[in-house]
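Here is the structure we will look at.
No lab work stands behind these numbers, since they all come straight from the coordinates. Only a predicted model underlies this, so the values are computations on that prediction, with no experimental measurement involved. Ideal geometry is used to build each Cβ from the backbone, glycine not excepted, and the neighbour counts take in all protein chains shown.
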Amino acid sequence: MRKREGGEHYHGDYTKSGSDVIGEALIGDAKFEIRRGMALTLRQIEVASSVTLDAAYAGLVKQEGLHKDGGERRAPLTYELQRRWYDATNGPGGEPKRVAARREALYARLREEPVGPQKKEAPAAAPKERQSGPSIAHFVRKGLLEGQPTEDIIRTVKLAFPDAKCDAKHVAFYRHQLRKKGELPEQQKKEPANG
């Protein structure tokens, strides 16, 4: 951090020296100073009052055709002030192509659709109608009560419901439910083989 005459700190505070001002940018009704360093110039957006940001964004809305309900105003204003800084330091059209492309992409997105709470949500999908007849659970429970092996139960379910995601875990779940209700006998523990 550098110190100016009189011991005041300078680094990071854009208000200390008027000699760093190389121009000014008028965005809407808001005036911003163009400073020697881009960071010092863009810092004004960070510390600006909401009234200043509203006035600047209103001007940007008119100039670029953006939506008024822009939600986050700082990003487009920062890009616009950055463009003005490049023009002041490098001459008109001095903004690098990659930066201009990012700015234009942001502006295009803000032109296309509203951002924020007014954004339209996609309509909810219509609920699927419940089909009458036996369910997957019915086939699994019936197979378990009849003593069928897990593979046979899965095969039966797949024949009735080709798109079903039935596997051994599902069968184990229903087996546990039936045992808990007492409708299926507890699994007998196997005796360890003495060898």
Quiz item: Roughly how big is the range 10-112's charge dipole about its Cα centre, with Cβ charges of +1 (Lys, Arg) and -1 (Asp, Glu), in debye to the nearest 20?
Solution: 260 debye
Self-check item: Cα-centre dipole for the range 136-181 with unit charges at Cβ (Lys and Arg positive, Asp and Glu negative), debye to 20
Solution: 280 debye
Quiz item: What is the distance, in nm, between label points placed 7 Å from the Cα along the Cα-to-Cβ direction at ALA39 and at ARG109?
Solution: 2.6 nm
Quiz item: Once label points are set 7 Å from the Cα along Cα→Cβ at both LYS169 and ALA137, what is their separation, rounded to one decimal in nm?
Solution: 1.9 nm
Quiz prompt | Approximate spin-label separation GLU146-ILE22, in nm, with each point projected 7 Å along Cα-to-Cβ | solution = 8.5 nm
Practice problem: State the extension gain, in nm to one decimal, for the chain segment bounded by ARG102 and ASP54, taking 0.36 nm per residue of separation less the distance between their alpha-carbons. | Solution: 15.0 nm
